[in-house]
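Notes for the one structure printed next.
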Amino acid sequence: MVGASPNWNRPSYFVMRYLQRKDFRVIPVNPRALDAPILGETVYPDLESVPVPVDVVDVFRRPEDTPAIARSAAAIEAKVLWLQLGVRNVDAGAIALAAGLTFIEDRCMKIEYGRLGGELAWSGINTRLISSRRGRLLR
């Protein structure tokens, strides 16, 4: 998670905690937060420093920062570049797609997980998924 914050009231912290509770390993990347772990995970200064394979690069950064992040995601052979709500960048998308990554922008991973897994429907939110059965959780 590029742009992960140690501040409990930041969206990146909330999404990271949610995904960890769904049994995903989330590795924080933030060059300004290297002094202490975030939610029990070591923080790395950049994607290239992460010592394990990365499947999804979830980005909580300004749109103008995303082309460089897309190049890094391609360099480490990630499978997906995911830009959070409000983050859109045509250049980052072109870089990611040219490298063979799946590119998602302006979507929240936490919201999409809840929508597709049925959690949002349980609380009465219209997810635009129609089914007579209770949704099966993704994990």
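For segment 21-53, which residues satisfy the criterion of being touching a Leu at 6+ places or on another chain (Cβ under 7 Å) and either loosely packed, with under 14 Cβ neighbours inside 10 Å or within 16 Å of W82 (Cβ to Cβ) (or both)?
Within segment 21-53, V26, V29, P45 meet the criteria.
For segment 57-85, which positions are surrounded by fewer than 20 Cβ atoms within 10 Å (Cβ to Cβ), closer than 17 Å to Y13 by Cα and in contact with an Asp or Glu (Cβ under 8 Å, 6 or more places away or on another chain)?
Result: L85, single match.
Restricting attention to segment 70-85, does a residue exist that is closer than 23 Å to E119 by Cα, charged (D, E, K, R) and outside the structural domain of E119 (by TED's automatic domain parsing)?
no
Give the number of residues within segment 86-102 that are surrounded by fewer than 19 Cβ atoms within 10 Å (Cβ to Cβ) and among the hydrophobic types (A, V, I, L, M, F, W, C).
The initial filter retains those residues of segment 86-102 that are surrounded by fewer than 19 Cβ atoms within 10 Å (Cβ to Cβ), namely 86, 88, 90-91, 94, 97-100, 102.
Still in the list and also among the hydrophobic types (A, V, I, L, M, F, W, C): 90, 94, 97-99.
Result for segment 86-102: 5.
The values are calculated or read from the model by the stated rules, or taken from the named source; none is laboratory data. As the structure is a prediction and not an experimental result, all values here were calculated from the model. Cβ atoms come from the backbone with ideal geometry, glycine included; neighbour counts cover every protein chain shown.
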